[in-house]
Structures are given as structure tokens and as C-alpha cells.
Amino acid sequence: MSVEQYQRNVNSLDKDISSLEKKKAELDKHCSELQKKINSTQKSITPRTSASMVTSKMKQITSWQTNYAKKMSESADIGKKISDKRAKRNDAYKRLQKEQQTEQKKQSESLKRMQQSYEKRINELSNQTLQGFKANMDSTISESEEEYDVFVSHAWEDKKGFVDEFVQALRTCGIKVWYDTAQMKWGDSMRAKIDDGLKKSKFGVVVLSPDYIKDGKYWTKAELDGLFQMESINGKTLLPIWHNLTKKDVMMYSPIIASKLAMTTANMTSQEIAEEFKNLLV
């Protein structure tokens with residue numbers, strides 16, 4: 001049985017138990033009312049009560065007692081059914097938990113296989129891209145050709161929330177920054193400008209955020225691939241910054257980049273991160 005089937009079984013038993021408990025409560029209430037009537041009628045019989053009235057009241061008491069015994073027997077039967085249902089429910093719940101654990105293990109193994117497949121595909125793409133880079137650019141770009149200290153890769157949605165402030169902090173520290181809003185003009189080729197910026201930068205800072213890693217982000221993916229290749233070819237360092245992301249989020253996006261030591265906006269200001277980068281240039 002699947003987890004869903006076990007869950008439906010547990011839910012069905014819970015419903016049955018609830019219905020039986022309601023019936024038992026109604027029977028017990030009826031028994032309590034009958035007992036009150038019996039006690040009250042018995043008290044009403046005194047030495048002054050006429051014989052005919054005593055006979056009538058005893059007949060009524062006998063009728064109530066018969067009904068009382070019947071209701072008590074029905075309540076006891078339902079109580080036994082409730083006990084049996086609860087035993088079945090406990091057993092069904094244990095089976096459900098066991099199946100959930102099995103399913104969770106399967107999902108974990110499936111996720112692991114997906115990650116391994118993803119890593120393999122990344123390596124294949126990296127090798128292909130590496131060959132392309134080697135064929136189309138000189139791998140011995142000298143330090144004198146580098147015009148920028150850092151290339152800042154980011155999602156445009158994060159400009160106002162963090163990136164603009166961070167870039168300004170870098171420039172305040174005297175750091176030369178390649179930043180699209182400054183380096184790109186109307187009509188420029190985005191691909192050509194980004195390629196040029198990557199080649200002429202010593203470091204690449206990647207501001208990883210929910211908007212950066214979400215599906216459909218072509219340019220952020222292209223920039224990140226380029227930075228990986230620059231690092232593998234020329235030894236330029238790729239520096240990640242986590243912005244509104246957890247370790248798990250980054251791991252799901254890229255286990256490779258998650259393995260790198262990163263700065264995070266969760267506990268550091270833009271100025272503090274800029275100062276950390278400045279120390280790399282000393």
C-alpha cells in the first residue's frame with residue numbers, strides 16, 4: 001500500500017471511532033436519565049402511597065430498568081467496538097509511519113541521484129565550455145590587461161535592495177568595479193560587454209539570491225558559467241555572496257558553489273563585505 005492508502009485507512013478508522021464515541025455518549029446519557037427517573041420514582045413511594053399507585057410506579061420502574069439494562073448492554077458493545085477500532089487504528093498508524101519512512105528514504109536516494117546526475121552534467125558542460133574558451137581567447141591574459149578589480153554578477157531585482165549599495169561601498173574603498181549600469185550603454189551588445197568585463201576583471205563576485213537562481217534566468221546563468229571558466233583557466237577567484245538564501249538553497253542550486261566560503265548579508269553589511277574584498281587586493 002502507498003502512503004496515501006495508509007493515510008486514508010487511518011482517517012477512515014478515526015471517523016469510525018468518532019462516530020462510535022458519539023453513539024456511546026448518547027447511550028450513556030440516556031442511561032443516566034433513566035437512572036435518575038428510577039431513583040426519583042423509588043423515593044416517591046412512601047408508606048402513605050396507595051397500593052394501586054405503588055403497583056403502577058413499580059411497573060414503571062421495572063420498564064425503565066429493563067430499558068436501562070438494554071442501553072447499558074449496547075453501550076458496552078460499542079465500547080468494545082471502539083477498543084477494537086483503536087487497536088486497528090494504532091496498527092494502521094504504525095504501518096503509515098513505516099511507509100512514510102520508506103518513502104522518505106526513497107525520495108532522499110532519488111534526490112541524491114539527481115544531484116549526482118546534475119554534477120556530472122555540470123562537469124560535462126564545464127569541459128565543453130572550457131574548450132570553447134580555449135579556442136576563442138588567449139589563456140595568457142597578462143595582469144596589465146586587467147582593467148577591473150572585480151566583476152559583479154547579480155540579478156537586476158537585487159540592485160535596489162543590496163547591489164547598488166555594495167558597488168558604491170567597493171568604489172568608496174578605491175576598488176575598480178565592472179558594473180552593468182556603468183559599463184553598458186544603449187545599443188551595446190550585452191553578451192559582448194559581459195564577456196569583455198569577465199576577461200578584464202581579476203575577481204568575480206556573485207550575489208546569489210532567490211531571484212538570481214530562479215528558473216529562466218539566462219544572463220545570471222551565463223555570467224556564472226563564464227566566471228567558473230575564468231577561474232579554471234586563469235585562476236581568477238570566484239567569490240560568492242549569499243543574499244536572502246540559506247545553505248540548503250545554495251546546495252540545491254549548485255553543490256559546487258555551495259562548497260565555497262561565502263559572505264552573507266544576513267550578518268554583514270555592504271561596507272563590511274567591501275572591506276573584506278579590499279583585504280584580498282592588499
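The values are calculated or read from the model by the stated rules, or taken from the named source; none is laboratory data. These figures come from a predicted structure and were not determined experimentally. Neighbour counts are summed over all protein chains in view; Cβ atoms, including those assigned to glycine, are modelled from backbone coordinates with ideal geometry.
What are the residue pairs meeting all of these: first residue in segment 54-79, first residue surrounded by 15 or more Cβ atoms within 10 Å (Cβ to Cβ), second residue β-branched (V, I, T) and assigned to a helix (DSSP H, G or I), Cβ atoms under 6 Å, and 6 or more apart or on different chains?
Pairs that qualify, where the first residue is surrounded by 15 or more Cβ atoms within 10 Å (Cβ to Cβ) and the partner is β-branched (V, I, T) and assigned to a helix (DSSP H, G or I), are K57/T41; I61/I38; I61/T41; W64/I38.
In this structure, does V207 turn out to be in contact with an Asp or Glu (Cβ under 7 Å, 6 or more places away or on another chain) and free of Cβ contacts under 8 Å to residues at least 60 places away in the same chain?
Criteria met by V207.
Identify, from the list G174, G216, G197, the residue that is closer than 23 Å to S254 by Cβ and modelled with pLDDT of 75 or more.
Of the residues listed, the single one that is closer than 23 Å to S254 by Cβ and modelled with pLDDT of 75 or more is G216.
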